[in-house]
1. Could you grab the pairs with beta carbons closer than 8 Å, sequence gap of 6+ or different chains, first residue in region 129-146 and under 19 Å from Arg76 (Cα atoms), second one polar (S, T, N, Q) and crowded, with 22+ Cβ neighbours inside 10 Å?
2. If you check Leu386, Leu398, Leu394, Leu359, which single one turns out to be assigned to a helix (DSSP H, G or I) and under 40 Å from the mean Cα position of the chain (by Cα)?
3. Consider region 9-19. How many of its residues are open to solvent by 80 Å² or more (accessible area, probe 1.4 Å), modelled with pLDDT of 70 or more and either in contact with a helix residue (DSSP H, G or I) (Cβ under 9 Å, 6 or more places away or on another chain) or not in a helix (DSSP H, G or I) (or both)?
4. Could you please find all residues in region 350-390 being farther than 18 Å from Asp422 by Cβ, open to solvent by less than 50 Å² (accessible area, probe 1.4 Å) and at pLDDT below 75?
5. When you scan region 228-269, how many residues do you find that are surrounded by 14 or more Cβ atoms within 10 Å (Cβ to Cβ), part of a loop (DSSP other than H, G, I, E, B) and modelled with pLDDT under 80?
6. Could you check region 106-129 and list, in sequence order, the residues that are of a type outside the set (A, V, I, L, M), at pLDDT below 90 and in a strand (DSSP E or B)?
7. I want to confirm something. Restricting to region 49-67 and keeping residues that are farther than 21 Å from Glu114 by Cβ and in a loop (DSSP other than H, G, I, E, B), which single residue is modelled with the highest pLDDT?
8. Which pairs turn up if I take residues in region 33-48 that are touching a residue at least 40 places away in the same chain (Cβ under 8 Å) and in a strand (DSSP E or B) and look for partners that are among the small types (Gly, Ala, Ser) and open to solvent by less than 30 Å² (accessible area, probe 1.4 Å) with beta carbon separation below 6 Å, at least 6 apart in sequence or on another chain?
Amino acid sequence: MDETGRHLRLLTETIAAVNSTLDLEEVLSLVASKVADALAADACFVYLYDEQAGELVLRATHGTRVEEMTGRPRMRPGEGITGSAAAAREPVMIPAQAHLDERFKAFPNLQEDEYESILAVPILARAKLEGALNVRTREAREFTEAEIELLVAIAAQVAQTIEHAKLYAAAQRRVEELEALSRISEAVSESLYLEESLEAIVEATVDALGATGAALVLEDGDVVWPDGRAGKHAVRVPLRWKGRQVGELVCDRDTPFGEEDRALLASIASHAAVALEHGRAVLRGVLAQEIHHRVKNNLQTVASLLRLQARTEGVDPRKALEDSVNRILAIAAVHEVLTEQREEDVELAELLDRLRAMLVQGLGAAKSVDAQLEPVSLPGNRATALALVFSELLQNALEHGGQSVRVELAKRDGEVVLAIADDGSALAGEPVSGTGLSIVRALVEEELGGRLSLESNGGLRAEVAFPA
């Protein structure tokens with residue numbers, strides 16, 4: 001077979017191979033290996049032209065290794081021997097000592113000085129620059145006109161394949177972007193929990209952008225950042241809701257972000273803003289419902305206490321009214337703590353300390369109140385019952401006890417124990433028997449499932465114990 005026939009066969013085989021797939025990375029890898037084989041070269045380097053950056057980027061090699069992702073060789077058209085071929089739109093051939101040519105550009109991770117000859121040609125699709133490729137040999141070699149024409153013909157056919165592969169890659173990327181946005185929309189619509197929605201958005205961002213890490217930074221300073229790391233490049237996209245910035249989407253990766261990447265991030269940020277406001281609206285609705293529920297229960301408790309007070313005979317109306325005010329304030333204190341903490345449980349030490357200060361000030365009692373309160377928490381409804389019990393017992397001690405009062409709160413043998421002791425002498429009689437005591441016993445036994453004990457030994461000690 002003559003040289004022309006052999007070259008035609010090599011051209012046909014090479015083009016058939018690279019047209020066998022639409023995956024861009026696979027196409028470029030096949031180009032590098034098949035071109036090297038066709039021209040019996042020791043190495044082949046394939047560059048793609050990045051229009052946005054205005055650079056030729058090394059994407060595939062044969063006969064040498066290139067660092068993946070980092071340190072990838074780049075050059076502008078006109079730089080280096082291959083860049084010169086791309087800028088001139090024509091082949092450049094140097095038969096020997098190519099690394100000494102004034103146009104030669106060295107890259108630290110490419111040991112190109114081991115090669116003697118180079119043949120570089122542009123990759124053109126209808127005069128549009130798609131890239132460039134070169135073949136190298138370790139021995140000096142004068143490429144023939146026929147070999148140069150063969151490489152130019154291969155490059156022209158490869159240009160069409162690269163265009164098709166790029167279109168395919170863009171279509172695949174668009175599908176992935178739509179899938180990512182679909183997952184985000186699903187997470188936003190299905191989850192009632194704001195944190196879950198935001199975490200799903202961050203995870204989808206990492207997957208869709210091939211990012212090393214991503215985060216949502218909210219206007220209140222909270223940050224949603226699952227496992228990830230910072231990259232060489234970062235993009236910050238604002239989250240806007242009705243013209244107001246409510247946060248920021250931050251994305252990191254080791255490779256630069258293109259316009260398509262930024263457009264996708266803008267879409268994700270839009271979804272994130274919707275998710276944020278949707279979640280906050282749900283939270284506000286749930287919180288409002290919970291507050292209405294608590295207020296209703298509290299008002300029912302107040303009504304029950306007032307009915308009980310109304311049925312009591314022989315009570316000074318002013319005293320009855322003052323006692324009712326203190327009971328309502330005790331319920332309000334529990335509600336205030338629940339609202340401030342935004343938790344289902346109430347820290348009793350803080351609550352009892354507030355009630356102590358309120359009662360001492362309200363009664364104008366010039367007495368010493370010593371409190372030893374261990375950390376104990378209770379659900380809101382049980383805390384309300386205990387607050388009423390505490391208020392009744394402490395008010396009794398302040399009004400009818402001695403000059404000093406001691407309050408103790410502790411956990412003991414699986415029970416919560418509240419004790420209020422004074423150094424007075426009253427045990428029997430009105431202070432610990434009438435309406436107040438009835439309320440205390442009912443709350444302790446029915447609401448707390450516990451027991452009340454009263455002891456007189458140089459003063460009155462009231463102790464309430466119930467399961468923790």
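The values are calculated or read from the model by the stated rules, or taken from the named source; none is laboratory data. None of these values were measured; they are calculated from a predicted model. Ideal geometry is used to build each Cβ from the backbone, glycine not excepted, and the neighbour counts take in all protein chains shown. For the accessible areas, the whole protein counts, side chains as well, though only heavy atoms, and no ligand, DNA or RNA atoms are used. Shrake-Rupley method; radii C 1.70, N 1.55, O 1.52, S 1.80 Å.
1. Ala132/Thr82; Leu133/Thr82; Asn134/Thr82
2. Going through Leu386, Leu398, Leu394, Leu359 in turn, the sole match is Leu386.
3. Counting residues in region 9-19 that are open to solvent by 80 Å² or more (accessible area, probe 1.4 Å), modelled with pLDDT of 70 or more and either in contact with a helix residue (DSSP H, G or I) (Cβ under 9 Å, 6 or more places away or on another chain) or not in a helix (DSSP H, G or I) (or both) gives 1.
4. Of everything in region 350-390, just one residue is farther than 18 Å from Asp422 by Cβ, open to solvent by less than 50 Å² (accessible area, probe 1.4 Å) and at pLDDT below 75, namely Gly380.
5. 2
6. Matches in region 106-129: Phe107, Lys128.
7. Gly54
8. Cys44/Ala32; Cys44/Ala36; Val46/Ala32; Val46/Ala60; Tyr47/Gly131; Tyr47/Ala132; Leu48/Gly131
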